[in-house]
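Input: a single structure, listed below in structure tokens.
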């Protein structure tokens, strides 16, 4: 199974996808005139603008849901894997894909807002919706929806729960080994998997409002606590910081593991962590109630900074400044070995040991605690994304019980991921991320050259901002944007 998964990943995560992610980010950065720099002040202002409605969630809640998907095990175990297989220089490429990816996040999230729909008591939207309406290619939209349901409903949740299981076992011990149909499994992981599934079931049966309420409380609190711990560790080793930054930048271009490995692992884990271009963030963006589509595009662009430049950097500095890492050779053995060979790079162990070395007896339980909440909220975000795409497919294919099947499949994936090996879980997750990234980036580039709707929205918003309007409005027909049915109806209703 592991060999098959590795072979598929070798095809999906070829250098072509690595450079497509970077090139798309650079392209959209240039086309938007680096909006991720020009509009930082506006991003911050919009974050705290109260705009929740009976059908939509607030911009902050949408940010919290999307950050739930972004801030997860990728920020802890994913950064460790990037360093462990790509060297310290991989961190630089994570920063690059975040900076450039913020523009990609603006584009995809603005598209999600432009082409969103009302579905009962909530908004629905995302790549499948904008592929159908902006590209006019429903077959492409259905392929993306199926790939997303498979990725977010089955393949990727196991990565999150796997890291929780490993972190709990590392912090509190494996307990007794139990002989099951899946082999010998520690009782600690069985108990952890069961508790996660019970808590998940309670929340996912409550809909997007309940998911948003949980996310907006947990995500900011845990992200802040995590960053504070990282700042304490850096402060206690502050004399090493200039050398660490120099090592990250230096190894990015002449890295110990080969420049291809540094770029490859940095971009792969960067895309997995911040999800820019992957197509997951737009689902939460579409659920927000805003007065102009560009506003949620700005908020989602800012979430890339929070994820990678803050949380991922916190992990990287903790690991590198304490020397709690190994770097695997591209062929065999290690280029750097500071830890035992039994410490897996695809796990939260590097981060746990980094904190433990500076703050004894805190590292293992703190990371177990942080990972539980980070990963748990990520699984919630995955469920919401998968649910949105099931809802999209149900418009064309009327199969009873689709939502119920999704819930059961996700819970089964979470339990299986908790008790199985890390390499297999990450391999399956990478397949899901790669499929979505290929489809979404190609799709938003085609939409750009067909109609440029996200660019038109940006220009329109900037003009209204410069004119200091009292209330922003969005008229898609005036801008030459077709099929933005929700906004046409909203504008007509407001004129009455």
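Side notes on the structure shown:
- Residue selected from the range 57-73 under the condition farther than 18 Å from residue 152 by Cβ and not in a helix (DSSP H, G or I), by the criterion modelled with the lowest pLDDT: 57
- Selection within the range 324-354 - assigned to a loop (DSSP other than H, G, I, E, B) and out of contact with any helix residue (DSSP H, G or I) (no Cβ under 8 Å at 6 or more places or on another chain): 329, 331, 332, 333, 338, 340, 341, 342
- Selection status of residue 96, modelled with pLDDT under 90 and surrounded by fewer than 24 Cβ atoms within 10 Å (Cβ to Cβ): yes
- Among the residues listed as 359, 353, the single one being surrounded by fewer than 17 Cβ atoms within 10 Å (Cβ to Cβ), touching a residue at least 24 places away in the same chain (Cβ under 8 Å) and at negative phi: 359
- Residue within the range 113-120 that is in contact (Cβ under 8 Å) with a residue 40 or more places away in the chain, part of a helix (DSSP H, G or I) and within 23 Å of the chain's Cα centre (by Cα) present: yes
- Selected residue (criterion: farthest from the chain's Cα centre (by Cα)) from residues of the range 269-291 that are in a helix (DSSP H, G or I) and either modelled with pLDDT of 65 or more or more than 23 Å from residue 318 (Cβ to Cβ) (or both): 286
- One residue from 145, 134, 82 being buried (at least 24 other Cβ atoms within 10 Å of the Cβ), under 19 Å from residue 287 (Cα atoms) and within 21 Å of the chain's Cα centre (by Cα): 145
- Selection status of residue 258, under 23 Å from the mean Cα position of the chain (by Cα) and modelled with pLDDT under 85: no
- Test: residue in the range 395-417 that is surrounded by 21 or more Cβ atoms within 10 Å (Cβ to Cβ) and modelled with pLDDT under 85: yes
- Applying a threshold of 8 Å to beta carbon distances and a minimum spacing of six or more residues, or different chains, the list of pairs starting in the range 74-86 at a residue that is at pLDDT below 80 and ending at one that is not in a helix (DSSP H, G or I) reads 76/348; 77/346; 77/347; 77/348.
- Criterion violated by residue 321 - all others in (1) in contact with a helix residue (DSSP H, G or I) (Cβ under 6 Å, 6 or more places away or on another chain); (2) at pLDDT 85 or above; (3) more than 22 Å from residue 247 (Cβ to Cβ); (4) surrounded by fewer than 24 Cβ atoms within 10 Å (Cβ to Cβ) satisfied: (3)
- Failed item in (1) at pLDDT 85 or above; (2) buried (at least 19 other Cβ atoms within 10 Å of the Cβ), with residue 241 passing the rest: (2)
- Under the condition of being assigned to a loop (DSSP other than H, G, I, E, B), in contact (Cβ under 8 Å) with a residue 40 or more places away in the chain and within 26 Å of residue 451 (Cα to Cα), the residues counted in the range 1-48 number 3.
- Conditions (1) in contact (Cβ under 8 Å) with a residue 40 or more places away in the chain; (2) surrounded by fewer than 14 Cβ atoms within 10 Å (Cβ to Cβ); (3) over 30 Å from the mean Cα position of the chain (by Cα); number of the one not met by residue 450: (3)
- From 249, 208, 219, 232, residue being modelled with pLDDT of 85 or more, under 30 Å from residue 48 (Cβ atoms) and in a helix (DSSP H, G or I): 232
- Filtered residues of the range 156-183 (kept if buried (at least 24 other Cβ atoms within 10 Å of the Cβ) and either part of a helix (DSSP H, G or I) or free of Cβ contacts under 8 Å to residues at least 24 places away in the same chain (or both)): 157, 158, 159, 160, 161, 162, 163, 164, 165, 166, 167, 168
The values are calculated or read from the model by the stated rules, or taken from the named source; none is laboratory data. Please read all numbers here as calculations on a predicted model, not as lab measurements. Heads up, the Cβs are rebuilt from the backbone with ideal geometry, glycines too, and the neighbour counts pull from every protein chain shown.
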